[in-house]
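To keep things clear, I will list the structure first and then write my remarks on it.
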Amino acid sequence: MTETATETVLTILQNDFEEIVDAWISTQSDEGVQRTDLFSHKEGREQTSALVRALVTGIEKGATGDRFDLASDAWSELRNVLVDVTQERSERGVTPSDMASFVLALKAPVFYRLKDRLAKYPANLVEEIWLFTRVVDAFAVYCTEVFIAERDRIIEQQRDQMQELSTPVVELWDKVLTLPLIGTMDSARAQEVMENLLETILQRQAEVVIVDLTGVQTVDTQVAQHMLRMAAAVRLMGAECIISGISPTIAQTMVQLGVDVGEVTTRSTIRNGLADALSRIGYEITKKKDH
């Protein structure tokens, strides 16, 4: 912005601070992005006020004209506030479009005041509106980038949590582990599952591992090869591997694919697999005699 234009916007934000905050909140309400269902009025006002204060600081410290750069040190406070507000709103379920609209709603309160101040100077008015629009648009873009990064982080975290829940290694009995597989199995997940399984074998000093496929709907060549490699790795750890939960459909598919299970023991149900595993470590399941 030009020197006069900067002073005009800065003066408006400083002298009409509370009015700007009120007008911004009112615009958010009018445009349906205030989200009072997710934030109390107090929380919404605190976020709005913090952003206006940071905006004032940025204008005071940095250039807002052709040399405007949101990445400069002058705008560090505003960037930090934008990150905090964006993350908070993302966690509470605000959409990226609502977040951008929330920021862009700041334009109207400032534009109306610029029009009143510069009514007699149309050239200056147009310049100020264009330059202030550029600044606010940059804020909105930055918020969207932060929002997407935060969503990606949450999705990745949830994916990791789901993988942990879907591939737990359970100690069924002393020296007997089971790995119930659920859902699909790709190379990345197979690698994580194998690492977790082998680490647990070492920690528990397991002698038998039951890999249960009851929760796996389909088996293709890739999945079958993952299972066989897993069984081979278990044997290298000094334990025996039993694959249970082989349904008729899976059995037919593996035959059609020409998959050779080799020395790997397979059982139709995890119950049969457990009975086999206990037998290998010297236990036998018998029915208690009635007295």
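The values are calculated or read from the model by the stated rules, or taken from the named source; none is laboratory data. Everything quoted here is computed from the prediction, not taken from an experiment. FYI the Cβ positions are ideal-geometry reconstructions off the backbone, even for glycines, and counts take in every protein chain you see. These area figures cover heavy atoms from the full protein model, side chains too; ligands, DNA and RNA do not enter into them. Shrake-Rupley method; radii C 1.70, N 1.55, O 1.52, S 1.80 Å.
Val176 falls short on exactly one of the conditions (1) in contact with a Gly (Cβ under 7 Å, 6 or more places away or on another chain); (2) open to solvent by less than 10 Å² (accessible area, probe 1.4 Å), and that condition is (1). In the set (1) modelled with pLDDT of 90 or more; (2) open to solvent by less than 70 Å² (accessible area, probe 1.4 Å), Arg235 fails one condition alone, (2). For the stretch 184-200, the criterion of being over 29 Å from the mean Cα position of the chain (by Cα), among the polar types (S, T, N, Q) and either in the same structural domain as Thr269 (by the TED database) or open to solvent by 40 Å² or more (accessible area, probe 1.4 Å) (or both) is satisfied by no residue at all. Scanning the stretch 215-226 for residues that are more than 29 Å from the chain's Cα centre (by Cα) and buried (at least 16 other Cβ atoms within 10 Å of the Cβ) yields a single hit, Ala224.
Annotation note: of Gln163, Gln157, the sole residue that is within 16 Å of the chain's Cα centre (by Cα), surrounded by 13 or more Cβ atoms within 10 Å (Cβ to Cβ), closer than 30 Å to Ala190 by Cα and modelled with pLDDT under 85 is Gln163. If you go through the stretch 139-153 and pick out every residue that is touching a Pro at 6+ places or on another chain (Cβ under 9 Å) and crowded, with 20+ Cβ neighbours inside 10 Å, you end up with 2. Going through (1) aliphatic (A, V, I, L, M); (2) closer than 24 Å to Arg92 by Cβ; (3) modelled with pLDDT of 85 or more one by one, Leu13 falls short only on (2).
Scan the stretch 259-270 for residues that are assigned to a loop (DSSP other than H, G, I, E, B), open to solvent by less than 80 Å² (accessible area, probe 1.4 Å) and over 17 Å from His226 (Cβ atoms) and the total you get is 2. Counting residues in the stretch 105-126 that are part of a helix (DSSP H, G or I), crowded, with 17+ Cβ neighbours inside 10 Å and either free of Cβ contacts under 8 Å to residues at least 12 places away in the same chain or not assigned by the TED database to the domain that holds Asp16 (or both) gives one or more. Remark: pairs (first residue in the stretch 23-38, farther than 12 Å from Val94 by Cβ; second residue open to solvent by 40 Å² or more (accessible area, probe 1.4 Å) and of a type in the set (Lys, Arg); Cβ separation under 7 Å; 6+ apart in sequence or on different chains) = Ile25/Arg45. Could you list, in sequence order, the residues of the stretch 275-291 that are modelled with pLDDT of 90 or more, open to solvent by 50 Å² or more (accessible area, probe 1.4 Å) and either touching a strand residue (DSSP E or B) at 6+ places or on another chain (Cβ under 8 Å) or assigned to a loop (DSSP other than H, G, I, E, B) (or both)? Residues satisfying the conditions are Arg280, Gly282.
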